[in-house]
1. If you place +1 on the Cβ of every Lys and Arg and -1 on the Cβ of every Asp and Glu, how big does the dipole about the Cα centre of segment 146-272 come out, in debye to the nearest 20?
2. Calculate one ³J(HN,Hα) per residue across segment 51-56 by plugging θ = phi - 60° into the Karplus curve 6.51 cos²θ - 1.76 cosθ + 1.60, and present them in order as whole Hz with x for glycine and proline.
3. For segment 73-142, compute Rg over Rh where Rg is the Cα radius of gyration and Rh is the Kirkwood radius from the inverse mean 1/r over Cα pairs.
4. Compute the helix-to-body angle for 28-48: its Cα long axis versus the longest principal axis of the chain, expressed 0 to 90° and rounded to tens.
5. Using the crude model of +1 on Lys and Arg Cβ and -1 on Asp and Glu Cβ, and no other charge, please compute the dipole size for the chain relative to its Cα centre, in debye to 20.
6. What number results when the radius of gyration of segment 1-145, computed over Cα atoms, is divided by 2.2 N^0.38 Å?
7. I'd like the Karplus ³J(HN,Hα) series for segment 144-158: coefficients 6.51, -1.76, 1.60, θ = phi - 60°, whole numbers in Hz, and an x wherever there's a Gly or Pro.
8. Below 8 Å, C-alpha to C-alpha, sequence gap of six or more: please give me the relative contact order for segment 201-273 in percent.
Amino acid sequence: MKVFISSDMEGTAGVVDWNQCLLGQSEYEHYRLLLQDEVNAAIEGALEAGAHEFLVNDSHSKMQNLRPAGLAGRARYLSGRHKPLYMMQGLDSSFDAIFFVSYHGSMSSAAPLSHTYNPRAISEVSLNGTVVGESGINALVAAGHGVPIVLITGDDVTAAEAAKVSPGVHAAVVKTAVSRFAADSLHPTDACDLIRTQARAAIEGLASAAPPAITLPATLDVTFRNADLADMATWISGVERTGTVTVAITDDDPIRLFRTFICTVLLTRDIAE
Ligand SMILES: [Zn+2]
(Lines give C-alpha, C1' and ligand atoms only; values in the text may rest on other atoms or scores of the structure.)
Protein backbone atom coordinates (compact mmCIF):
# COMPACT_ATOMS: atom_id res chain seq x y z
CA MET A 1 0.00 0.00 0.00
CA LYS A 2 1.42 3.35 -1.10
CA VAL A 3 0.87 6.65 0.70
CA PHE A 4 1.54 10.09 -0.79
CA ILE A 5 2.35 12.76 1.80
CA SER A 6 2.26 16.46 0.95
CA SER A 7 3.96 18.28 3.83
CA ASP A 8 3.56 21.99 4.49
CA MET A 9 4.81 23.65 7.71
CA GLU A 10 2.37 26.27 9.02
CA GLY A 11 0.12 23.62 10.57
CA THR A 12 2.75 22.23 12.94
CA ALA A 13 1.90 22.41 16.66
CA GLY A 14 3.53 25.53 18.09
CA VAL A 15 4.01 27.35 14.78
CA VAL A 16 2.30 30.77 14.74
CA ASP A 17 4.72 33.10 12.92
CA TRP A 18 6.51 33.29 9.57
CA ASN A 19 9.75 33.67 11.51
CA GLN A 20 9.36 30.08 12.64
CA CYS A 21 8.92 28.60 9.20
CA LEU A 22 11.23 30.42 6.81
CA LEU A 23 14.74 29.20 6.03
CA GLY A 24 17.37 31.53 7.47
CA GLN A 25 15.12 32.95 10.19
CA SER A 26 16.21 32.56 13.79
CA GLU A 27 13.53 30.14 14.99
CA TYR A 28 13.34 28.03 11.82
CA GLU A 29 15.92 25.39 12.76
CA HIS A 30 13.92 24.48 15.86
CA TYR A 31 10.52 24.31 14.21
CA ARG A 32 11.68 22.31 11.20
CA LEU A 33 12.53 19.49 13.61
CA LEU A 34 9.00 19.61 15.03
CA LEU A 35 7.65 19.39 11.47
CA GLN A 36 9.89 16.38 10.79
CA ASP A 37 8.53 14.66 13.91
CA GLU A 38 4.95 15.26 12.72
CA VAL A 39 5.67 13.90 9.23
CA ASN A 40 7.25 10.84 10.82
CA ALA A 41 4.29 10.37 13.14
CA ALA A 42 2.00 10.23 10.10
CA ILE A 43 4.25 7.66 8.42
CA GLU A 44 4.50 5.57 11.60
CA GLY A 45 0.73 5.48 12.00
CA ALA A 46 0.32 4.34 8.41
CA LEU A 47 3.03 1.70 8.89
CA GLU A 48 1.12 0.31 11.87
CA ALA A 49 -1.93 -0.04 9.63
CA GLY A 50 -0.03 -1.92 6.92
CA ALA A 51 1.18 0.76 4.50
CA HIS A 52 4.67 0.00 3.27
CA GLU A 53 5.64 2.60 0.67
CA PHE A 54 5.79 6.38 1.14
CA LEU A 55 6.58 9.43 -0.95
CA VAL A 56 6.94 12.71 0.95
CA ASN A 57 6.54 15.74 -1.32
CA ASP A 58 7.96 18.74 0.56
CA SER A 59 5.49 21.53 -0.24
CA HIS A 60 6.60 24.44 1.94
CA SER A 61 8.47 27.53 0.78
CA LYS A 62 11.65 26.35 -0.98
CA MET A 63 10.52 22.77 -0.36
CA GLN A 64 13.65 21.50 1.35
CA ASN A 65 12.59 21.54 4.99
CA LEU A 66 13.09 17.90 5.97
CA ARG A 67 16.16 15.77 6.61
CA PRO A 68 15.87 12.76 4.28
CA ALA A 69 17.92 10.40 6.44
CA GLY A 70 15.57 11.11 9.34
CA LEU A 71 12.39 10.14 7.51
CA ALA A 72 10.52 7.15 8.93
CA GLY A 73 9.42 4.23 6.79
CA ARG A 74 12.36 4.66 4.38
CA ALA A 75 10.18 7.22 2.64
CA ARG A 76 11.24 8.63 -0.70
CA TYR A 77 11.69 12.41 -0.49
CA LEU A 78 10.62 14.73 -3.31
CA SER A 79 12.14 18.10 -2.51
CA GLY A 80 13.03 21.37 -4.18
CA ARG A 81 11.37 24.10 -6.19
CA HIS A 82 9.73 24.59 -9.59
CA LYS A 83 7.63 21.47 -9.63
CA PRO A 84 4.83 21.56 -12.22
CA LEU A 85 2.35 19.96 -9.85
CA TYR A 86 3.74 21.92 -6.90
CA MET A 87 2.26 20.61 -3.61
CA MET A 88 0.98 17.49 -5.42
CA GLN A 89 4.10 16.64 -7.44
CA GLY A 90 4.77 12.92 -7.53
CA LEU A 91 1.19 11.75 -7.10
CA ASP A 92 -0.11 9.25 -9.62
CA SER A 93 -2.83 6.63 -9.71
CA SER A 94 -0.53 3.98 -8.22
CA PHE A 95 -1.03 5.55 -4.76
CA ASP A 96 -3.74 4.31 -2.40
CA ALA A 97 -4.04 7.30 -0.05
CA ILE A 98 -3.02 10.93 0.42
CA PHE A 99 -1.99 12.65 3.67
CA PHE A 100 -1.83 16.45 4.03
CA VAL A 101 0.54 17.12 6.94
CA SER A 102 0.96 20.51 8.66
CA TYR A 103 -1.48 22.30 6.37
CA HIS A 104 -2.96 25.78 7.01
CA GLY A 105 -6.23 27.52 6.19
CA SER A 106 -7.21 29.71 3.26
CA MET A 107 -6.40 33.42 3.10
CA SER A 108 -9.91 34.52 4.10
CA SER A 109 -10.26 31.97 6.93
CA ALA A 110 -9.56 32.49 10.63
CA ALA A 111 -6.67 30.02 10.62
CA PRO A 112 -3.17 30.85 11.92
CA LEU A 113 -0.84 31.99 9.10
CA SER A 114 -3.76 31.74 6.69
CA HIS A 115 -2.98 32.12 3.00
CA THR A 116 -3.86 30.57 -0.33
CA TYR A 117 -0.63 29.81 -2.19
CA ASN A 118 0.50 33.45 -2.21
CA PRO A 119 -0.61 35.80 0.58
CA ARG A 120 0.62 38.84 -1.33
CA ALA A 121 -1.41 38.05 -4.46
CA ILE A 122 -4.51 35.98 -3.67
CA SER A 123 -7.27 36.92 -1.24
CA GLU A 124 -9.74 34.11 -1.94
CA VAL A 125 -10.29 31.05 -4.13
CA SER A 126 -13.55 29.16 -4.64
CA LEU A 127 -13.94 25.73 -6.20
CA ASN A 128 -17.38 25.27 -7.79
CA GLY A 129 -18.68 28.05 -5.53
CA THR A 130 -17.17 26.84 -2.24
CA VAL A 131 -14.33 28.83 -0.65
CA VAL A 132 -11.35 26.50 -0.44
CA GLY A 133 -7.80 26.55 0.83
CA GLU A 134 -4.82 24.69 -0.51
CA SER A 135 -6.37 21.41 0.67
CA GLY A 136 -9.35 21.99 -1.66
CA ILE A 137 -7.33 23.23 -4.62
CA ASN A 138 -4.89 20.34 -4.29
CA ALA A 139 -7.87 17.97 -4.22
CA LEU A 140 -8.19 18.60 -7.96
CA VAL A 141 -5.03 16.55 -8.52
CA ALA A 142 -6.26 13.85 -6.13
CA ALA A 143 -9.53 13.68 -8.08
CA GLY A 144 -7.65 13.55 -11.38
CA HIS A 145 -5.67 10.51 -10.26
CA GLY A 146 -8.57 8.96 -8.34
CA VAL A 147 -6.80 8.84 -4.96
CA PRO A 148 -8.62 9.63 -1.67
CA ILE A 149 -7.35 12.28 0.76
CA VAL A 150 -7.66 10.51 4.10
CA LEU A 151 -5.68 12.60 6.60
CA ILE A 152 -5.12 16.28 7.29
CA THR A 153 -3.10 17.66 10.19
CA GLY A 154 -3.07 21.27 11.38
CA ASP A 155 -5.41 23.63 13.22
CA ASP A 156 -9.17 23.28 13.73
CA VAL A 157 -10.17 25.80 11.03
CA THR A 158 -7.97 24.10 8.46
CA ALA A 159 -9.39 20.68 9.31
CA ALA A 160 -12.97 21.92 8.82
CA GLU A 161 -12.04 23.54 5.53
CA ALA A 162 -10.52 20.30 4.20
CA ALA A 163 -13.66 18.36 5.07
CA LYS A 164 -15.73 20.55 2.72
CA VAL A 165 -13.99 19.00 -0.30
CA SER A 166 -12.94 15.67 1.27
CA PRO A 167 -15.85 14.55 3.47
CA GLY A 168 -14.80 11.95 6.01
CA VAL A 169 -11.13 12.95 5.96
CA HIS A 170 -9.45 12.04 9.25
CA ALA A 171 -8.16 15.12 11.05
CA ALA A 172 -5.39 15.45 13.59
CA VAL A 173 -6.14 18.87 15.10
CA VAL A 174 -2.87 19.75 16.81
CA LYS A 175 -3.77 23.37 17.60
CA THR A 176 -6.80 25.63 17.99
CA ALA A 177 -6.87 28.93 16.14
CA VAL A 178 -6.90 32.06 18.32
CA SER A 179 -5.99 34.61 15.67
CA ARG A 180 -4.01 34.76 12.44
CA PHE A 181 -0.83 34.85 14.55
CA ALA A 182 -1.87 32.92 17.66
CA ALA A 183 -2.92 29.37 18.44
CA ASP A 184 -3.37 27.06 21.42
CA SER A 185 -1.18 24.06 20.57
CA LEU A 186 -0.86 20.57 21.96
CA HIS A 187 2.52 19.66 23.39
CA PRO A 188 4.58 18.36 20.43
CA THR A 189 4.64 14.85 21.92
CA ASP A 190 0.85 14.82 22.19
CA ALA A 191 0.54 16.29 18.68
CA CYS A 192 2.62 13.45 17.26
CA ASP A 193 0.65 10.84 19.23
CA LEU A 194 -2.58 12.25 17.80
CA ILE A 195 -1.20 12.32 14.24
CA ARG A 196 0.03 8.71 14.59
CA THR A 197 -3.40 7.59 15.84
CA GLN A 198 -5.31 9.42 13.11
CA ALA A 199 -2.95 8.24 10.36
CA ARG A 200 -3.44 4.67 11.48
CA ALA A 201 -7.23 5.10 11.58
CA ALA A 202 -7.17 6.75 8.14
CA ILE A 203 -5.39 3.77 6.55
CA GLU A 204 -7.49 1.24 8.45
CA GLY A 205 -10.62 2.99 7.13
CA LEU A 206 -9.38 3.20 3.56
CA ALA A 207 -12.00 0.77 2.24
CA SER A 208 -14.73 3.34 2.88
CA ALA A 209 -12.74 6.35 1.56
CA ALA A 210 -13.36 7.84 -1.88
CA PRO A 211 -11.46 10.32 -4.06
CA PRO A 212 -12.71 13.93 -3.82
CA ALA A 213 -16.07 14.21 -5.62
CA ILE A 214 -15.57 17.36 -7.69
CA THR A 215 -18.21 18.09 -10.32
CA LEU A 216 -16.69 18.51 -13.79
CA PRO A 217 -16.18 20.75 -15.58
CA ALA A 218 -14.94 22.50 -12.46
CA THR A 219 -14.44 26.23 -11.96
CA LEU A 220 -11.91 28.02 -9.80
CA ASP A 221 -12.90 31.62 -9.05
CA VAL A 222 -9.83 33.55 -7.92
CA THR A 223 -9.97 36.92 -6.17
CA PHE A 224 -6.69 38.81 -6.30
CA ARG A 225 -5.58 41.59 -3.98
CA ASN A 226 -5.51 44.19 -6.75
CA ALA A 227 -6.58 44.71 -10.34
CA ASP A 228 -3.08 44.44 -11.82
CA LEU A 229 -2.77 40.88 -10.57
CA ALA A 230 -6.12 39.88 -12.09
CA ASP A 231 -5.12 41.50 -15.37
CA MET A 232 -1.82 39.64 -15.48
CA ALA A 233 -3.54 36.33 -14.76
CA THR A 234 -5.53 36.68 -18.00
CA TRP A 235 -2.30 36.51 -19.97
CA ILE A 236 -2.61 32.76 -19.41
CA SER A 237 -4.83 30.84 -21.82
CA GLY A 238 -8.10 29.76 -20.24
CA VAL A 239 -8.15 32.46 -17.54
CA GLU A 240 -11.21 34.73 -17.93
CA ARG A 241 -11.62 38.11 -16.23
CA THR A 242 -14.88 38.22 -14.26
CA GLY A 243 -14.46 41.51 -12.34
CA THR A 244 -11.98 44.17 -11.30
CA VAL A 245 -9.98 41.80 -9.10
CA THR A 246 -11.48 38.43 -10.07
CA VAL A 247 -10.86 35.77 -12.70
CA ALA A 248 -12.40 32.37 -13.41
CA ILE A 249 -10.79 29.19 -14.75
CA THR A 250 -13.03 26.38 -15.96
CA ASP A 251 -11.84 23.00 -17.21
CA ASP A 252 -13.20 19.48 -17.55
CA ASP A 253 -9.73 18.11 -16.71
CA PRO A 254 -9.08 18.69 -12.98
CA ILE A 255 -5.29 18.33 -13.28
CA ARG A 256 -5.13 20.78 -16.19
CA LEU A 257 -7.29 23.18 -14.15
CA PHE A 258 -4.85 22.88 -11.25
CA ARG A 259 -1.87 23.53 -13.53
CA THR A 260 -3.50 26.63 -15.01
CA PHE A 261 -4.11 27.90 -11.48
CA ILE A 262 -0.48 27.23 -10.55
CA CYS A 263 0.58 29.24 -13.61
CA THR A 264 -1.39 32.23 -12.29
CA VAL A 265 0.29 31.83 -8.91
CA LEU A 266 3.77 31.74 -10.42
CA LEU A 267 3.17 34.56 -12.92
CA THR A 268 1.53 36.99 -10.49
CA ARG A 269 4.27 36.36 -7.92
CA ASP A 270 6.48 38.68 -9.96
CA ILE A 271 4.35 41.79 -9.39
CA ALA A 272 2.75 41.00 -6.02
CA GLU A 273 3.61 43.62 -3.42
ZN1 LIG B 1 3.75 26.58 3.69
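The values are calculated or read from the model by the stated rules, or taken from the named source; none is laboratory data. Since the model is a prediction, treat every value here as computed from it, not as a measurement. FYI the Cβ positions are ideal-geometry reconstructions off the backbone, even for glycines, and counts take in every protein chain you see. When the accessible area is computed, the model is the full protein with side chains, heavy atoms only, and any ligands, DNA or RNA have been set aside. Shrake-Rupley method; radii C 1.70, N 1.55, O 1.52, S 1.80 Å.
1. With only Lys, Arg, Asp and Glu charged at Cβ, the dipole is about 120 debye.
2. 5, 9, 9, 9, 10, 9
3. In segment 73-142, Rg relative to Rh is 0.99.
4. 70
5. Charge dipole of the chain: 460 debye, to the nearest 20.
6. Compactness ratio reported: 1.02.
7. x, 9, x, 10, x, 8, 10, 8, 10, 10, x, 8, 5, 5, 5
8. Relative contact order comes out at 31 percent.
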